[in-house]
Amino acid sequence: MEFYVNFFITLFALIDPIGNVPIFAAATQSQSVRSRRLLSLYIAIFTAIILTLFFFAGLSILKFFGISMDSFRIAGGLILFLMGLDMARGDFLETFSHAEEVKSGGDPATGVQPLGHRESAKKSFEKLVVPFAFPLMVGPGTISTAVIQADVAAKMGIWGTVAGVAAIFTTSAAVLVTLLFSNTISRVFGRVGMVVVVRVLGLILCALSVQIIISSVSEITHNLILPSAAHPYESTTHHR
């Protein structure tokens, strides 16, 4: 039980679905309520599948392709930077906009047919799966945690594995519940408010991605980069 609780809390903190709700709300504000619910379900299922996959075979997958965790983090950081740049420039909302197809029933001038709830949710998921679901929510840190905890669970036997899988599915359920509240947030902030929130978050995301890359390069180059730059808010005595 202690392993289950610790694993769940760690996963939930790393995924941070509450912190990502404004981004999800902005990306789906033109969707119908049913489409948002389906999209939330798709993302929650994706989270469960990816975490379970890496829980059982994560380290083997990276070794098979000859990829180090630091290389994985750098690649994730670059993808996050591109997403943050789109958010900061204001291109993010347009990328996920299906307002014409969903609300007005298509565009007669271009012959675009109206999208159903399921089709709309699937198209949004195709655009959101990278980089929102992966690696923004389920990123290198989350995956590395799943791999590390899998080793701990293996030492506990079958019940450790069961507890680990239960923690993953509980986390995915928490992600689903959290994303469902994005509808309320979208209504509270409105179009203008979401534009402001997304641009600010885009700047923060760009800075976060740069920090991820700096930290990874620091590890690869054996602290060629100053520890204070790689880990700015950790005690300097920790690196001595």
Inset, instruction - Multiply the residue gap between L208 and V177 by 0.36 nm, knock off their C-alpha separation, and tell me the result in nm, one decimal place. - result: 8.6 nm
Inset, instruction - Within the set of other residues whose C-beta is less than 13 Å from the C-beta of V129, count the net charge using Lys and Arg as +1 and Asp and Glu as -1. - result: +2
Inset, instruction - Using a 1.4 angstrom probe on heavy atoms only, work out the carbon and sulfur share of the accessible area of segment 1-89 in %. - result: 71 percent
Inset, instruction - Could you check the simple spin-label distance between M1 and A57, using points 7 Å along Cα→Cβ, in nm with one decimal? - result: 3.5 nm
Inset, instruction - Mind checking the full-extension length gain between I49 and I9? Use 0.36 nm per residue of separation minus the Cα-Cα distance, one decimal, nm. - result: 12.6 nm
Inset, instruction - Calculate, in nm to one decimal, what R34 and V129 gain on full extension: separation in residues at 0.36 nm each, minus their alpha carbon distance. - result: 32.4 nm
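The values are calculated or read from the model by the stated rules, or taken from the named source; none is laboratory data. Please read all numbers here as calculations on a predicted model, not as lab measurements. Neighbour counts run over all protein chains shown; Cβ positions are idealised from the backbone, glycine included. With ligands, DNA and RNA removed, areas are computed over all heavy atoms of the protein, side chains included. Shrake-Rupley method; radii C 1.70, N 1.55, O 1.52, S 1.80 Å.
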